[in-house]
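One structure below.
The values are calculated or read from the model by the stated rules, or taken from the named source; none is laboratory data. Quantities reported herein were computed from a predicted structural model and do not represent experimental measurements. Please note: Cβ atoms are built from the backbone with ideal geometry, for glycine as well, and neighbour counts cover all protein chains shown. Areas reflect the complete protein model, heavy atoms only, side chains present, ligands, DNA and RNA absent. Shrake-Rupley method; radii C 1.70, N 1.55, O 1.52, S 1.80 Å.
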Amino acid sequence: MIKQPSLTEKINLKGLTRTELESFVVEWGEPKYRAQQVMSWLYHKRVTGVEAMTNLSKGFRSKLAAEAYISDARVIARTISDDNLAIKYLFELTDGVQVESVLMCERDRVTVCVSSQVGCAMGCDFCATGKMGFFRNLTAAEILDQLTAIERELDGKKAVTNVVFMGMGEPLANYDELLKAIRLMASPDGLRLSEKRMTVSTVGLVPRIRQFTREGLKCNLALSLNATTDEVRTRLMPINTRYPIDEALDAAGEWARMAKRKVTLEYVLIRNVNDSIADAKRLRKLMSGLPCKLNLIPFNEIEDSEFRRPELDRIERFRQIVADGHYVAPIRFSRGTDIAAACGQLRTIYGTQGIVISKAS
Ligand code: SAH
Ligand code: SF4
């Protein structure tokens with residue numbers, strides 16, 4: 001009897017570049033152009049099995065079924081925010097690990113916040129994912145799986161327009177798969193999303209930011225600054241001992257000048273840690289001369305943490321001081337505060353339990 005290859009020995013058709021897929025197709029004895037047909041089934045018609053690829057010969061389809069598979073993310077929990085505008089998904093991947101993504105709908109804009117890793121090695125003290133530790137990188141296919149699974153949930157009523165890499169993990173620490181995912185998302189053979197509508201958020205891995213700059217992509221870049229002194233930033237974000245504030249801002253500035261766009265600075269406001277008037281003034285100074293905009297994010301409280309969200313008037317006072325002369329985005333309480341939307345929190349809550357479909361109370 002012929003041994004059936006196990007799933008892990010099979011080739012995942014998703015996540016392959018056109019060139020990679022072409023060489024497999026040729027190896028399987030088919031003309032090169034079949035690769036484009038397969039990609040169209042995968043990314044345009046979004047089929048989940050090779051048997052649906054009806055313009056391929058039966059013989060080729062059974063070869064594909066024997067040697068290849070199409071990965072998918074399985075929804076194991078959905079939590080809907082009170083305003084019905086954000087849904088947080090917990091997905092299970094092929095090897096049983098879990099990642100989360102958030103869907104946010106606002107007028108014409110449908111944004112998905114995707115995870116790039118399972119857990120995170122950066123260990124930021126205020127972040128639920130950081131507290132979880134690092135499990136593994138996601139493949140480009142698994143990054144795309146989050147988008148295609150969410151679009152399936154939308155049932156053709158809406159299409160994803162924007163992607164932000166602000167879910168679990170540090171995207172620039174999973175550089176090659178991140179780049180592959182971005183290219184497949186943007187490619188006419190792939191998901192046909194605009195690079196300009198993608199944002200990569202980083203903890204500030206300076207050499208990777210510089211490398212990213214040289215790629216010449218049209219994606220946006222966001223730097224999680226979160227403090228105005230190295231002392232406080234190191235306390236919140238251990239990576240600051242390797243890449244302190246001035247180096248991270250220098251790399252962000254180089255990106256902004258090369259890309260001819262503004263870099264977004266993210267600043268999570270934590271009560272009595274980084275929300276003083278002196279912090280606001282220092283932040284204003286750090287921003288001067290840098291082509292940037294600022295996203296102030298009131299801290300989402302997480303379990304096992306003494307950090308608290310500042311009171312509303314303190315948040316507003318901070319915003320006003322920084323805003324003087326700078327562009328500061330209106331403060332957006334991250335959608336779904338009521339659904340524990342901060343990075344990594346859903347997985348922590350649901351663990352490995354079964355299906356939970358709930359509307360937050
Ligand atoms: N690793 C990347 C992207 C994922 S984190 C990064 O750090 O930028 C995405 C954003 O969520 C970061 O700006 C981070 O500072 C913020 N964040 C993490 N935990 C948070 C929390 N509990 N409340 C509010 N924002 C949080
Ligand atoms: Fe990782 Fe970003 Fe969380 Fe820091 S904030 S631990 S880099 S996911």
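Residue under question is residue 181, and the condition is that it be among the small types (Gly, Ala, Ser) and touching a residue at least 60 places away in the same chain (Cβ under 8 Å); does it hold?
It is true that residue 181 is among the small types (Gly, Ala, Ser) and touching a residue at least 60 places away in the same chain (Cβ under 8 Å).
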Requiring at least 2 residues that are open to solvent by 10 Å² or more (accessible area, probe 1.4 Å), the strands (runs of 3 or more DSSP E) wholly within segment 49-167 are 74-80, 86-92, 98-106, 109-113, 134-137, 162-165
The number of residues in segment 182-221 that are under 26 Å from residue 285 (Cα atoms), open to solvent by 50 Å² or more (accessible area, probe 1.4 Å) and more than 16 Å from ligand 2 (Cβ to nearest atom) is 1
With respect to residue 164, determine if the residue is closer than 30 Å to residue 316 by Cβ and β-branched (Val, Ile, Thr).
-> yes
Residue 27 passes all but one of the listed conditions (1) open to solvent by 30 Å² or more (accessible area, probe 1.4 Å); (2) on the phi > 0 side of the Ramachandran plot; the exception is number (2)
How many residues of segment 117-130 are more than 7 Å from ligand 2 (Cβ to nearest atom) and under 13 Å from residue 203 (Cα atoms)? The answer is 3
Checked segment 291-320 for anything hydrophobic (A, V, I, L, M, F, W, C) and either buried (at least 17 other Cβ atoms within 10 Å of the Cβ) or at pLDDT 95 or above (or both); matches are 292, 294, 296, 297, 299, 302, 307, 315, 318
Quick one: would you say residue 150 is within 25 Å of residue 261 (Cβ to Cβ) and not aromatic (Phe, Trp, Tyr)? no
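Among the helices (runs of 4 or more DSSP H) confined wholly to segment 222-289, which include 2 or more residues that are open to solvent by 50 Å² or more (accessible area, probe 1.4 Å) and within 24 Å of residue 305 (Cα to Cα)?
Helices (runs of 4 or more DSSP H) meeting the threshold: 230-236.
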